[in-house]
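A single structure is presented below for examination.
No value in this document is a laboratory result; all are computed from the given coordinates. Every value quoted in this text rests on a predicted model; they were computed, and no experiment measured them. When we count neighbours, we look across all protein chains shown, and the Cβ atoms used for this are built from the backbone with ideal geometry, even at glycine.
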Amino acid sequence: MLNRTYDGQVCSIASTLEVLGERWTLLIVRDAMLGLSRFDEFQRSLGIARNVLTDRLKRLVEAGVLERIEYQQRPPRFEYRLTAVGLELCTPVVGLMHWGDRHLAGPDGLPRLTRHNACGGQLHAELVCEQCGATVADTDVELQPGPGLRADPIAAG
């Protein structure tokens, strides 16, 4: 059985899964990117149980992905907005969507399109070299140890 947490993993993917890896969480982020902000909107869109949605929203607020903003005092009502941290998820979420488009889209075609607001062009999530500006092919990527990596448990084993 898999552990519920990734304690001991020195890996940014494992750390990200601690925040985003539960069922429904990325779909809540997707809906926030689509402009939904209120509890009932998320629930209606996803068909998720209220207690599960409450828990996922709370965790996303604690992680700094969403902020909880009061929009009504009597009774108190809140909406959820993406923070700057949450908005940074646009690139990986669009990347996952495009992967699904390429490999899992049904016969009716793509469920959503990603367009640039300014010119209407199609957007693509790509890897771009920060030094030379080149778009890098998936096969031309090397993962190297970074300064925060402890001794490799596989190599040390």
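So which residue, out of Leu66, Leu17, Leu89, gets the largest mean-square fluctuation from a GNM of the chain using Cα contacts under 10 Å as springs?
Leu17
Which entry in (i) 8, 28, 34, 22, 7, 1; (ii) 10, 33, 27, 13, 10, 6, 1; (iii) 11, 39, 39, 10, 1 is this structure's computed P(r) over Cα pairs in 10 Å bins from 0, in percent?
Answer by label: (i).
Show the residues, 5+ positions off or on another chain, whose built amide H is closer than 5 Å to the amide H of Arg38.
Tyr80
While we're here: Subtract the Cα-Cα distance of Arg81 and Gln144 from 0.36 nm times their separation in residues, and report this length gain in nm to one decimal.
Between Arg81 and Gln144, full extension yields an extra 19.2 nm.
Whole-Hz Karplus ³J(HN,Hα) for segment 37-49, in order, using 6.51 cos²θ - 1.76 cosθ + 1.60 and θ = phi - 60°, x for Gly and Pro?
Per residue, the Karplus-derived 3J(HN,Hα) values read 9, 9, 3, 5, 5, 4, 5, 5, 5, 9, x, 8, 5 Hz.
Specify the residue with the greatest mean-square fluctuation among Ala84, Ala118, Ala32, computed from a Gaussian network of the chain linking alpha-carbon atoms under 10 Å apart.
Ala118
Which FRET efficiency value, to the nearest 0.05, do you get for Phe39 and Leu96 by plugging their Cβ-Cβ distance into 1/(1 + (r/R0)^6) with R0 = 22 Å?
Once rounded, the FRET efficiency stands at 0.35.
May I ask for the net charge around Ala125, where only other residues with Cβ less than 12 Å from the Cβ of Ala125 are counted and Lys, Arg are +1 while Asp, Glu are -1?
-2
GNM, the chain, Cα, under 10 Å: largest mean-square fluctuation among Val85, Val61, Val93?
Val85
Spin-label point model (7 Å from Cα, Cβ direction): what's the Leu27 to Thr54 distance in nm?
Each label point is offset 7 Å from its Cα along the Cβ direction, giving 2.0 nm.
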